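*Asks:* Encoded as structure tokens, here's the structure I'll be asking about.
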Amino acid sequence: MARTTATFSVSLPPRMAKQIERARKSEHRTRSEFVREALRRYLRDATLREKLARLPEEKPSADELVALRKGATEIRRGRYKTLARVRHELLGPHRRSGGKKP
């Protein structure tokens, strides 16, 4: 009967081994399950990085560079809105619902 898995032996620094043990126990996983999931994520991320590296890049125009610098300055000065705040302003209640004013 053919084997459906391959076995690897891996050496880890003690600190990393302890971190893995804590994490896998908190998730109620075996070491093998934990490492398989970590490797799946690593390989998926590597594939995404490869795809991103192949995307074409465009040079920003002079106007775009000016706008980017202006935006960065505004952020440093604390003049910005979070996405949550924008959503609240756009989707939140703007009027009181219901009856007439007393």
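*Asks:* Test of understanding: what is the full-extension gain from ALA62 to TYR42, defined as 0.36 nm times their sequence separation minus their Cα-Cα distance? Mind dumping the intermediate values first?
*Replies:* Numbers: separation 20, 0.36 × 20 = 7.20 nm, distance 3.77 nm.
Once the chain is fully extended between ALA62 and TYR42, it gains 3.4 nm.
*Asks:* Roughly how tilted is helix 31-54, in degrees to the nearest 10 and between 0 and 90, from the longest Cα axis of the chain?
*Replies:* 50
*Asks:* Here is a follow-up. Quick check on packing: order 50-60, 67-77 by the mean number of other C-beta atoms within 10 Å, highest mean leading.
*Replies:* Result, highest mean Cβ count within 10 Å first: 67-77, 50-60.
*Asks:* Compare the peptides 28-35, 40-47 by average per-residue count of other Cβ atoms within 10 angstrom and give them in order, highest first.
*Replies:* Values: 28-35: 12.2, 40-47: 10.0.
With the highest mean Cβ count within 10 Å placed first, the list reads 28-35, 40-47.
*Asks:* Ignoring everything except DSSP H segments at least 4 long, calculate the 222 nm mean residue ellipticity for the chain; use -39,500 (n - 2.57) per segment, divide by total residues, nearest 500.
*Replies:* Computed mean residue ellipticity for the chain: -19500 deg cm²/dmol.
Values in this text are rule-based calculations from the coordinates and carry no lab data. As the structure is a prediction and not an experimental result, all values here were calculated from the model. Neighbour counts are summed over all protein chains in view; Cβ atoms, including those assigned to glycine, are modelled from backbone coordinates with ideal geometry.
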